[in-house]
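For reference, the structure discussed in these notes is given below.
The values are calculated or read from the model by the stated rules, or taken from the named source; none is laboratory data. Nothing here was measured: the structure is a model prediction, and the numbers come from that model. Cβ placement follows ideal geometry from the backbone for every residue including glycine, while neighbour counts extend to all protein chains displayed.
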Amino acid sequence: MERTGVVTDDEVWRLGVGAVVGVFRLLTPDHLADLMADAEEMMALKAAMQAVVEKVNGAAICAACKGACCAAGKYHFSAIDLVVYLLTGKELFEPSFASGCCSYLGDGGCLMPPEYRPFNCVTFACEQIEAHLPAADKEFFYSSEGRLRTVYREMQAAFADRRMRCAVMSFALTN
């Protein structure tokens, strides 16, 4: 089969993952230990935020719209999100870019456990969800978002390669 020069989303995904893995492999044990501490905090924050959303049956609300809020979600999974997978040894999922909706949705819902989901996915509370959150839960949710944003920045700063601030889907395509 002749190459047309067109790169598919699947190819871009594989290139991006490979490039992030290459940068990750250059880390020293001290850097890995620091990143692991940040990753653990990140995962705890994401799990706590998801627990707040689940109090109002967020999964059912999200399932009903089938990820329409994130049709462009293929750019949400960042290099730092992949680093958390690599640090913890969690097997990486295989996205589906042909669905027309969120590339990270499968038949059973999101392909990622809540603590591994991208920042945008964890921190976005649509009007339907937010309307059901009690004031204390809403305050907790948004204060956790602020701390999560800080943890992402701290992890990004641990890398000299500025592409670690990018989405996996754009990582291999940037210099």
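Tabulated values for the structure
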{"read-out": "Qualifying residues in the range 116-130 (those that are among the aliphatic types (A, V, I, L, M) and farther than 13 Å from residue 45 by Cβ) - the one surrounded by the most Cβ atoms within 10 Å (Cβ to Cβ)", "value": "125"}
{"read-out": "Output for the range 16-69, where each listed residue is basic (Lys, Arg) and outside any helix (DSSP H, G or I)", "value": "25, 55, 66"}
{"read-out": "Selection within the range 151-175 - part of a helix (DSSP H, G or I), surrounded by 14 or more Cβ atoms within 10 Å (Cβ to Cβ) and more than 15 Å from the chain's Cα centre (by Cα)", "value": "154, 163"}
{"read-out": "Checklist (1) within 17 Å of the chain's Cα centre (by Cα); (2) within 28 Å of residue 31 (Cβ to Cβ); (3) in contact (Cβ under 8 Å) with a residue 40 or more places away in the chain applied to residue 73, failing item", "value": "(2)"}
{"read-out": "The range 96-105: number of residues that are in contact with an Asp or Glu (Cβ under 9 Å, 6 or more places away or on another chain) and not in a loop (DSSP other than H, G, I, E, B)", "value": "0"}
{"read-out": "Close pairs (9 angstrom Cβ cut-off, 6 or more residues apart or separate chains): in contact (Cβ under 8 Å) with a residue 12 or more places away in the chain in the range 89-104, part of a loop (DSSP other than H, G, I, E, B) and charged (D, E, K, R) anywhere", "value": "101/66; 102/66; 104/117"}
{"read-out": "For residue 133: the one exception among (1) at pLDDT below 90; (2) crowded, with 18+ Cβ neighbours inside 10 Å", "value": "(1)"}
{"read-out": "Flag if residue 63 is more than 17 Å from residue 20 (Cα to Cα), aliphatic (A, V, I, L, M) and surrounded by fewer than 19 Cβ atoms within 10 Å (Cβ to Cβ)", "value": "yes"}
{"read-out": "Total residues in the range 114-150, condition part of a helix (DSSP H, G or I) and either in contact with a Cys (Cβ under 6 Å, 6 or more places away or on another chain) or over 14 Å from residue 78 (Cβ atoms) (or both)", "value": "22"}
{"read-out": "Scan of the range 88-111 for residues that are buried (at least 21 other Cβ atoms within 10 Å of the Cβ) and of a type outside the set (S, T, N, Q), ordered by number", "value": "95, 102, 104"}
{"read-out": "Residue check, residue 78 crowded, with 19+ Cβ neighbours inside 10 Å and not aliphatic (A, V, I, L, M)", "value": "yes"}
